[in-house]
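Structure, as structure tokens:
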């Protein structure tokens, strides 16, 4: 770690790359333990993200313990689930714990304010260009040539980033063909229900968020990595074959000038540690959207990591030696795997039943016909209420 006076203002205990849910929760938790934290986010809050915007109640008590009550911000309680086949036939599986709907636009802004209030330093509209680990410390360089130093770096920059390429992460080398598209709409749809509507090579979720608004977000897997030239054409010729989706799209007021889009992200397993960077949130692993648990997993994962950092007291020394670092990394991998590895596996496994119109319809009807199996599969992709 640099020890000169000019560098001290740019020296931190922890630098967090990316200000999504995992990054913001980490900044709050660590700052409240009197750690010097810098969070770097490439955009300016608030902004929209491609996200289902349904959060499982497994993290609700924990969020409230942070001082964030989603219902103060207009969140909507959701306790019903509808799944439609590509032909429009519907089933109503149990939703278990249930959850709430709240936009990332609102939620991220609120957590951003909490992180600042907790004492975290936050840079927005700033992109990390490079992360180097040398002599038991990190040097982080931004796109405007600023340099910062830290004992620990947490990577929480989302589904994919240029940093993944620099780290030569395995999953980033494969083009997946996945496209995510999100709208906010005004429409007539049950406020307490999340809908999951299937179509050829994808599925679309709808659930209510704040301000009488609904989030409409879909995943499409294009065949043979064909380039997407016209999203509206995909909707007309693919999504609308499901009459439920055709009805929703045809009778809704769309609030964005254009959709929010993310391209070519991966559900493949990811390494939790890359060159001693501790990955968290979607950077650590992405559950398939049909499971509806990506947001709660990101929040829970941040808590797991921060608890370990604090419990091990690794930041109490001026330097974290290699042995301490490896013990922390191994414990984090163990805890993360215990809580999430099986959920990601079952998410990927269940997704294989979706995509082909005939197989998807048969799978949905067959599973729904055996309630114990249906409950078991849903349970495999969900967690319990986390301890506060």
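The values are calculated or read from the model by the stated rules, or taken from the named source; none is laboratory data. Since the structure is predicted, the reported quantities are computational estimates derived from the model, not experimental observations. When we count neighbours, we look across all protein chains shown, and the Cβ atoms used for this are built from the backbone with ideal geometry, even at glycine.
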- Task: Considering only segment 236-283, state which residues are over 21 Å from residue 197 (Cβ atoms), touching a residue at least 40 places away in the same chain (Cβ under 8 Å) and out of contact with any strand residue (DSSP E or B) (no Cβ under 8 Å at 6 or more places or on another chain).
- Result: 268, 269, 281, 282
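Has segment 272-281 got at least one residue that is assigned to a helix (DSSP H, G or I) and within 15 Å of the chain's Cα centre (by Cα)?
Kept after step one, since they are assigned to a helix (DSSP H, G or I), are these residues of segment 272-281: 281.
Subset that is within 15 Å of the chain's Cα centre (by Cα): 281.
Looking through segment 272-281, at least one residue is assigned to a helix (DSSP H, G or I) and within 15 Å of the chain's Cα centre (by Cα).
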- Query: What residue, of 120, 129, 137, is at pLDDT 90 or above, surrounded by fewer than 20 Cβ atoms within 10 Å (Cβ to Cβ), over 29 Å from residue 266 (Cα atoms) and touching a strand residue (DSSP E or B) at 6+ places or on another chain (Cβ under 8 Å)?
  - Reply: 137
- Item | From the options 212, 192, residue that is surrounded by fewer than 21 Cβ atoms within 10 Å (Cβ to Cβ), under 19 Å from residue 54 (Cβ atoms) and without any contact (Cβ under 8 Å) to a residue 40 or more places away in the chain | 212
- Can you tell me which residue within segment 172-193, out of those that are at pLDDT 95 or above and under 19 Å from the mean Cα position of the chain (by Cα), is farthest from residue 237 (Cα to Cα)? 184
- Note on the structure: Just one listed residue, out of 89, 42, 80, 33, is closer than 22 Å to residue 284 by Cβ and surrounded by fewer than 18 Cβ atoms within 10 Å (Cβ to Cβ), and it is 33
- Item | Residues located in segment 140-150, provided they are crowded, with 16+ Cβ neighbours inside 10 Å and either more than 17 Å from residue 322 (Cβ to Cβ) or in contact with a helix residue (DSSP H, G or I) (Cβ under 6 Å, 6 or more places away or on another chain) (or both) | 140, 142, 148, 149
- Quick one: would you say residue 277 is at pLDDT 95 or above and closer than 30 Å to residue 105 by Cβ? yes
- Could you tell me whether residue 27 is out of contact with any strand residue (DSSP E or B) (no Cβ under 7 Å at 6 or more places or on another chain), at pLDDT 95 or above, surrounded by 18 or more Cβ atoms within 10 Å (Cβ to Cβ) and closer than 26 Å to residue 319 by Cα? no
- Message: For the list (1) free of Cβ contacts under 8 Å to residues at least 24 places away in the same chain; (2) within 21 Å of the chain's Cα centre (by Cα), I need the number of the one condition that residue 297 fails.
- Response: (1)
- Message: Any residue in segment 101-116 that is without any contact (Cβ under 8 Å) to a residue 24 or more places away in the chain and at positive phi sitting within a Cβ distance under 9 Å of a residue that is assigned to a helix (DSSP H, G or I) and crowded, with 20+ Cβ neighbours inside 10 Å? List the pairs, counting only those 6 or more apart or interchain.
- Response: none
- Report whether or not residue 295 is touching a helix residue (DSSP H, G or I) at 6+ places or on another chain (Cβ under 8 Å) and surrounded by 18 or more Cβ atoms within 10 Å (Cβ to Cβ). yes
- Expected single match for in contact with a strand residue (DSSP E or B) (Cβ under 9 Å, 6 or more places away or on another chain), surrounded by fewer than 23 Cβ atoms within 10 Å (Cβ to Cβ), at pLDDT 95 or above and not in a loop (DSSP other than H, G, I, E, B) among 304, 328 is 328
- Query: residue 287 versus (1) assigned to a helix (DSSP H, G or I); (2) more than 21 Å from residue 137 (Cα to Cα); (3) in contact (Cβ under 8 Å) with a residue 60 or more places away in the chain: which is the lone unmet condition?
  - Reply: (1)
- Item | Subset of segment 70-88 that is under 20 Å from residue 375 (Cβ atoms) and assigned to a loop (DSSP other than H, G, I, E, B) - its residue that is modelled with the lowest pLDDT | 85
- Message: Condition check: more than 30 Å from residue 246 (Cα to Cα), outside any helix (DSSP H, G or I), in contact with a strand residue (DSSP E or B) (Cβ under 8 Å, 6 or more places away or on another chain) and touching a residue at least 24 places away in the same chain (Cβ under 8 Å). Does residue 38 satisfy that?
- Response: yes
